[in-house]
Each structure stands twice: as C-alpha cells, then as structure tokens.
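All remarks here apply to the structure that follows.
The values are calculated or read from the model by the stated rules, or taken from the named source; none is laboratory data. Just so it is clear, the structure is predicted and the values come from calculations on it, not from any experiment. A quick note on method: Cβ atoms are made from the backbone with ideal geometry, for glycine too, and the neighbour counts reach across all protein chains shown.
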Amino acid sequence: MEYHLTFDRLPFTMEEFKAHPMAALKQPEHTAALTVAALCLYPKDKDTALAMLDFLRGPRPLSVMEKQFINDRFMDGKDYIPRSYFAGAVPENDYTPTQPYTIRMQDSHAPIAEEGYKILDLFSGGADHPRTVTLRLKPSAGQWFLWDQLLLAGIREPKSKDAWA
C-alpha cells in the first residue's frame with residue numbers, strides 16, 4: 001500500500017510535535033513521517049530533534065552511539081538529506097520541498113522476521129531506491145514506535161554543492 005502524508009508546517013518545539021495529530025502514533029506511517037520531521041529539525045535544534053526521536057522510540061530511547069551516528073550524518077552541511085523525503089525536493093532545486101510538505105512511502109516488500117513489526121519504504125528525491133524505517137507495535141498502548149531508520153544514508157548532492165554540475 002502507498003501512503004502520502006502531509007504537514008502544513010513542520011513542528012519546531014516539543015509542544016508542537018506532541019500536539020500534532022500524527023503524534024498519537026496509532027498508524028506506523030504516522031511515526032515514520034514524524035521521524036522525517038524530527039530529522040529536519042536536527043540541524044537547527046539538535047536537543048529538541050533528539051527529544052522528538054526519543055518520543056518516537058517510546059520505551060527505548062536513543063543510545064549514545066545512535067546519537068553520535070545521527071550527528072555524524074549531518075557533518076559537512078548535509079542538512080538536505082531529511083528534506084529530500086518531501087515531494088518536490090530534488091538536487092536541481094537544492095532539495096527545496098513543495099508545500100504543503102508531503103512524504104510518500106509504501107509498505108516494504110522486505111520480509112518481517114517477527115509479528116508486531118512493520119517496515120516502510122520512504123522515497124527520496126536524491127536516491128535511486130527508497131530508504132526504510134522499521135516500526136514496532138506496543139500492543140498495550142496500540143502505538144507504533146520507531147525501531148530503526150535508514151533515512152540518513154548519502155544521496156546525490158544538491159546542485160549548489162556539486163562541483164560537477
């Protein structure tokens with residue numbers, strides 16, 4: 001199944017993030033979309049972005065190693081990577097998304113080893129293949145939490161940073 005999730009505006013504070021209708025985390029695609037929103041905030045406000053990701057992870061907060069990995073992915077000005085998941089964001093326009101911010105994803109064809117997990121493929125305007133987000137259901141809460149994300153892998157450079165453009 002394919003999903004198109006839209007943000008009129010990206011949240012900039014924890015209060016805005018938690019107040020967003022998707023923050024109920026009742027659908028796995030909502031958790032995946034909020035993951036992109038949190039990663040987009042990281043270059044501007046690391047602490048709030050990490051708090052958002054911890055919220056999405058529920059009872060399993062980010063480890064020190066995971067936080068360092070995220071920080072490393074944003075080195076050298078690669079703040080455009082999470083923006084690439086929004087419609088219209090491509091290397092030619094320096095990953096400037098169209099508004100409202102729309103994320104396209106689909107159920108993954110990857111096999112799921114255990115019940116209660118779901119894998120979604122998110123499409124990036126800078127990658128040839130979708131990137132995955134793995135979510136885990138907490139049955140007692142009926143909520144889908146972020147288990148793993150592979151959204152920060154390298155993509156094509158924006159035109160303004162490409163020496164060969």
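Could you list, in sequence order, the residues of the range 54-75 that are closer than 16 Å to A33 by Cα and either surrounded by fewer than 15 Cβ atoms within 10 Å (Cβ to Cβ) or not basic (K, R) (or both)?
Selection gives D54, F55, L56, G58.
Search the range 88-129 for residues being in contact (Cβ under 8 Å) with a residue 40 or more places away in the chain and aliphatic (A, V, I, L, M), and hand back the single one that is farthest from K26 (Cα to Cα).
Ranking the qualifying residues of the range 88-129, first place goes to A127.
Which of the residues belonging to the range 39-53 are within 15 Å of T13 (Cβ to Cβ) and assigned to a helix (DSSP H, G or I)?
Of everything in the range 39-53, those that are within 15 Å of T13 (Cβ to Cβ) and assigned to a helix (DSSP H, G or I) turn out to be C40, L41, K46, D47, T48, A49, L50, A51, M52, L53.
Identify, please: which residue in the range 62-72 is part of a helix (DSSP H, G or I) and either modelled with pLDDT under 95 or over 15 Å from the mean Cα position of the chain (by Cα) (or both) and is, among those, farthest from R131 (Cα to Cα)?
So the residue we want is V64.
Take the range 76-90 and flag every residue that is hydrophobic (A, V, I, L, M, F, W, C), in a loop (DSSP other than H, G, I, E, B) and under 13 Å from V36 (Cα atoms).
A87, the sole residue that qualifies.
Given the criteria modelled with pLDDT of 95 or more, out of contact with any Asp or Glu (no Cβ under 9 Å at 6 or more places or on another chain) and in a helix (DSSP H, G or I), does P11 qualify?
No, not satisfied.
Select the strands (runs of 3 or more DSSP E) contained entirely in the range 97-156, then report the ones holding at least 2 residues which are more than 22 Å from F74 (Cβ to Cβ) and among the hydrophobic types (A, V, I, L, M, F, W, C).
Passing ranges, in order: 117-122, 131-138, 143-149.
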